[in-house]
1. Only Cα pairs under 8 Å and at least 6 apart count here; give the relative contact order of the chain as a rounded whole percent.
2. With a sphere of radius 13 Å drawn around the Cβ of GLN319, what net charge do the other residues whose Cβ falls strictly inside it have (Lys, Arg +1; Asp, Glu -1)?
3. How large is ³J(HN,Hα) for each residue in segment 497-511, as worked out from phi by the Karplus curve 6.51 cos²θ - 1.76 cosθ + 1.60 (θ = phi - 60°), to whole Hz, x for Gly and Pro?
4. First check a/c for segment 507-561, with a ≥ b ≥ c the square roots of the eigenvalues of its C-alpha gyration tensor; if it is under 1.5, answer rounded, and if not, answer prolate when a/b is larger than b/c or oblate otherwise.
5. Tell me, CYS396, CYS303 in order of fewest to most beta-carbon neighbours within 10 Å?
6. Whole-Hz ³J(HN,Hα) for each residue in segment 222-232, computed from phi via Karplus 6.51 cos²θ - 1.76 cosθ + 1.60 with θ = phi - 60°, x for glycine and proline: what do you get?
7. Net charge around ARG28, counting only other residues with Cβ within less than 14 Å of its Cβ (Lys, Arg = +1; Asp, Glu = -1)?
8. Strictly over 26 Å apart at the Cα level, which of LYS26/LYS309; LYS167/LYS451; LYS26/LYS232; LYS167/LYS563; LYS115/LYS309 would you flag in this model?
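Quick note: the coordinates plus some simple rules give every number you see, no bench work behind them. A quick note: this is a predicted structure, and the numbers were derived from the prediction, not measured. Cβ atoms come from the backbone with ideal geometry, glycine included; neighbour counts cover every protein chain shown.
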Amino acid sequence: MEYTVLILLLPVLSFLILGLTGMYMKHRVAGLIGTASLAGVTFLSYLTAWNYFTAGRTAEGVFPTLTPYNIEWLPFTGSLHIDMGILLDPISVMMLVVISTVSLMVHIYSFGYMKGERGFQRYYAFLSLFTFSMLGLVVATNIFQMYVFWELVGVSSYLLIGFYYTKPEAIAASKKAFIVTRFADLGFLIGILIYGYYMQTFTFTPGQEQLMKAGMVLPWALGLMFVGGAGKSAMFPLHIWLPDAMEGPTPVSALIHAATMVVAGVYLVARMFPLFIGFAPNVLHLIAWVGAFTAFYAASVACAQSDIKRVLAFSTISQIGFMMVALGVCTAAHPHEGGLGYMASMFHLFTHAMFKALLFLGAGCIIHAVHSNEMSVMGGLRKYMPITHITFLIACLAIAGIPPFSGFFSKDEILTACFQFSPAIGWVMTVIAGMTAFYMFRLYYCIFWGKENKELHAAHVPHESPLAMTFPLMFLAAVTLVAGFIPFGHFVSSNGELYDIHLDWSVAATSIVVAVLSIALATWMYAREKQPVADALACRFATLHRAAYRRFYMDELWLFVTKKIIFRCISTPLAWFDRHVIDQFMNFMAWGAQASGEELQPIQSGKIQSYTMWFLIGVIVLTLVLLIG
C-alpha cells in the first residue's frame, strides 16, 4: 500500500499552496483546492480500508500490521531511534476513514458558512494543516512520531480557534487551549522519555526482555502519557479549554469535536492498550473513574447552558468520558469479555464522530439563520429550516441512545462492558446516558419548538441554508442511520480476533427506558411556548442552577490557582530573586570588571619607561617570593 503516503502528502501540499499563494487566489479557487485535496485523501482512505480489511486475516486469525513506509530519522543508540513512517492496523485504518470523512464534510460545508469571510484562503490552509496533523498522528509507527504530530495538532487548533484574531475572546480562547494542552503535554513528553530510556525503543511493541526489566516503571510512564491524553481529550480538570474553543468558526468546532483533537487522547490509550492492560491495569481502571466523573460533570453542566455551542461542547466532553470509561473497564482476567470495552470505545468513537459532526454543522446552520448562539432567540425554527430540523433530530436520537440509530448500538456495548466490570459503574453510566438524552432534547425543543422570537424573525426571517451546507447534514444523517448495523467487531477488537456484537437486552432495555423517560421529561418541560416547570426549578434551585451554568466555577478555581498561588506565591518570589539576586550579582560582576579595567588603564600608558619600571618591579617581587619560599 505504498500509495498511502499520498494520504499525508495531499493535505500538506494543500496547506503549502494555500498558505504561500492563497492571497493571490479567489476564494472559490482556494476552497476548491482544499476540498479537492481532501476528496483525494478520503478516496485513498476508503481504498486503504477496503484493501486492508478484504485482504484477509493472518494464520493467527488477526489482521496484519503493515508498515508501507518507515525511515530512521534520529538515531540515538543501536536500538533507540526515532522513526517516521506509516503504520496500518485496524484502529489506524478506521481513524483514517473517520478523519477524512468528517474533514471532507467540513470542507464542503465551509463553502457556504465561510462565504465572504476575510481570510477565507487562510482558513482552508489551516484546515489542511489540521487534517494533515491528525492523519499523521494516527498512522505514526512509534510514540515519538505520534508526539510530533500531537504537537502539530495543538498548533493547528491554536490557529483555527483564533481565526477571528480581531476578537479578544477568540485570542483568549486560542491561548487558553494552547497553554492548557501544553501543560498536559509536558506529562506526555516525560512519560515518553521514561518509556524510551527504560524500553530502549519508542515503538508501541517493545521486546519482552525490556518489558520484564521495566515492569515497575512502565505504569508511571503510561500514567504520565495519559496526562497528555487527558489534556487533549478535555478530561476533568483539564477540560477548561474546550468550551472556550467555541470562539472559532463553527465548522472548526465540528472538526475538533468530532474527529480530530478531542479523540486523540482516546486513540492514545487505545494504541497503548496492550501495555496498559498487561502492565498497568490499575492505571487503566483509574482512567475509567476519571472518565466517569468527567462524563457526569460535563452532562450536569450541559443541562444548564444557554449557548447552543456550549451545550454541544460539554456533550463532547461527556461522550469522550464514555469512551475513556469503556477502555478503562477492560480486564485481562477474561480476555474476550474483558476486551469488550475496547471494541465498544472504538465503535462509539466512530459513531460519535458522525452524529457529533452533524450536530455542530446543524448548529452552524442555525447560527447562520438567526445570527446568535443563544437558545433564547431561537424557537419555532422547524417551520423555516426543515432539513436542518430533521437531520438535527436524527443526531439527537442517536446520541440519546434510541434504536435503531447508531449511538444506541455503540453506547449499549459500553454500558454492557461497564456492568461486566462493576454494577456500580454500570448504573452510573446509565444515569449519565439518561442525562445525555435529557439535555440534548432540551436543546432540540428550545431551538425547533418553544416560543418563536417574532421580533427577531420580522427583522430577519430565518431560512434554510444553501446546498453546500445542507448536503453534509444529509450525508452525515444517512451515515448515522446505518452505522450502528456495521459489524464493527469484525474489524476492530482488543485482541484482533473476530468479535460478534450481540445486544445484552437486560442492559439495552434498561438504557432505552431511561432514555425514553429522559426525553419525555424534556418534552414535558421544554416542548411548549412557555416553560413554567423549567423556570420554577431554576428559581427553586437557583444556587445549583447558577453553579452549573458557571461550570461549577472551575474556571474561577483555575484562575485562583494560577494567579493567587502560582503567580503570587511562586512566580513573584522567583521574579524578585531573579531581579534582586541574579541580576544584581551579574551587575556586580560587570561593575567589578569595569572598575578593575579603569584602575589598570593608567598602566597601559604607551611609555617604554613606565613598562620597564613595572617589569623591574615584577622581577624584584618574584625574586623575593622565590628567595623567601
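1. Details: 977 pairs, mean separation 74.9, N = 629.
RCO, the chain: 12 percent.
2. Residues close to GLN319 contribute a combined charge of +2.
3. Working through the residues one at a time gives 7, 5, 10, 8, 6, 9, 6, 8, 5, 5, 6, 4, 4, 4, 5 Hz.
4. It is oblate, given that a/c is not under 1.5 and a/b is not larger than b/c.
5. So the residues, fewest neighbours to most, are CYS303, CYS396.
6. 5, x, 5, 4, 5, 4, x, x, 5, x, 5
7. Overall, the nearby charge balance is +1.
8. With Cα atoms farther than 26 Å apart: LYS26/LYS309; LYS167/LYS451; LYS26/LYS232.
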